[in-house]
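The values are calculated or read from the model by the stated rules, or taken from the named source; none is laboratory data. All of these numbers come straight from a predicted model, not from anything done at the bench. Cβ atoms come from the backbone with ideal geometry, glycine included; neighbour counts cover every protein chain shown. With ligands, DNA and RNA removed, areas are computed over all heavy atoms of the protein, side chains included. Shrake-Rupley method; radii C 1.70, N 1.55, O 1.52, S 1.80 Å.
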Amino acid sequence: MELFFNKLKKFMSECEDLESSKVAGYYRTIEQMSDKLKQLFEECEKYNFSFTFYSSSEGHYSLYESEGIDVQFFEKSDGGSDQCEWDRHLNFIYTIELSDDMRGSYCTCEESDIGFDYRYKCCGVGCDWYVPNVTVKRHETVATDSFGGYEKDMWKLQDNWNGDKNDAEAQQKEAQKRYIQEQIDRLNSQMQSLD
């Protein structure tokens, strides 16, 4: 646990993408969750790990514009191996999602109120503020693979796929035509029986 928090504190302090006014609140919120993060701490002791900052504004749309930290894990190196870190990458990561939740009511604090802070022009109790929220998730990759073949093989597959798609669309249109024709025949039959 101590190893995780030491590395996390250093990462968060040095991360230029994290808004500095929010770092302390997020860090403290993660500390509050310690009893719920035992598996994460055990894996941090067992494997090498590193942090990466991510933001939904980097090409990902999110209603809340969340940001967070990925915790990536690697097999520990035997020291003499030339194996690069990517080759030792494990099949799971943790994400530490960071967001804010507005709470409280409109600030009506005045200088004469008890606990009034002149820097913030507020007493800081019951007024609207952004509460740091943290969600920690573990993601595991079940399987991964790459296409087995050459680019020309992919071209053939794509041609066949498009052909199958076109055949399916043609079959759908033919089925719809048959249905309409059956309806016309049924209605014609009903009209003839009325004569």
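So in the range 137-170, with the set limited to residues that are under 25 Å from Gln72 (Cβ atoms) and part of a loop (DSSP other than H, G, I, E, B), which one is least open to solvent (accessible area, probe 1.4 Å)? Give the derivation first.
Kept after step one, since they are under 25 Å from Gln72 (Cβ atoms), are these residues of the range 137-170: 137-147.
With part of a loop (DSSP other than H, G, I, E, B) added as a condition, the list becomes 141-147.
Working: Thr141: 68, Val142: 143, Ala143: 86, Thr144: 123, Asp145: 144, Ser146: 95, Phe147: 99 Å².
Among those that are under 25 Å from Gln72 (Cβ atoms) and part of a loop (DSSP other than H, G, I, E, B), it is Thr141.
Taking the residues in the range 42-81 that are part of a loop (DSSP other than H, G, I, E, B) and either modelled with pLDDT of 85 or more or among the aromatic types (Phe, Trp, Tyr) (or both) as candidates, determine which candidate is least open to solvent (accessible area, probe 1.4 Å).
Residues of the range 42-81 that are part of a loop (DSSP other than H, G, I, E, B), as a first pass: 47, 56-66, 75-81.
Still in the running and either modelled with pLDDT of 85 or more or among the aromatic types (Phe, Trp, Tyr) (or both): 47, 61, 64, 75.
Numbers: Tyr47: 36, Tyr61: 184, Tyr64: 177, Glu75: 85 Å².
That would be Tyr47.
If you go through the range 15-41 and keep only what is assigned to a helix (DSSP H, G or I), of a type outside the set (Ser, Thr, Tyr) and modelled with pLDDT under 95, you end up with Lys22, Val23, Ala24, Gly25. One residue alone among Glu111, Glu182 is among the acidic types (Asp, Glu), open to solvent by 90 Å² or more (accessible area, probe 1.4 Å), at pLDDT 90 or above and in contact with a Lys or Arg (Cβ under 9 Å, 6 or more places away or on another chain), and that residue is Glu111.
In the range 1-27, of all residues being open to solvent by 90 Å² or more (accessible area, probe 1.4 Å) and either touching a residue at least 12 places away in the same chain (Cβ under 8 Å) or aliphatic (A, V, I, L, M) (or both), the one that is nearest to Asp101 (Cα to Cα) corresponds to Asp17.
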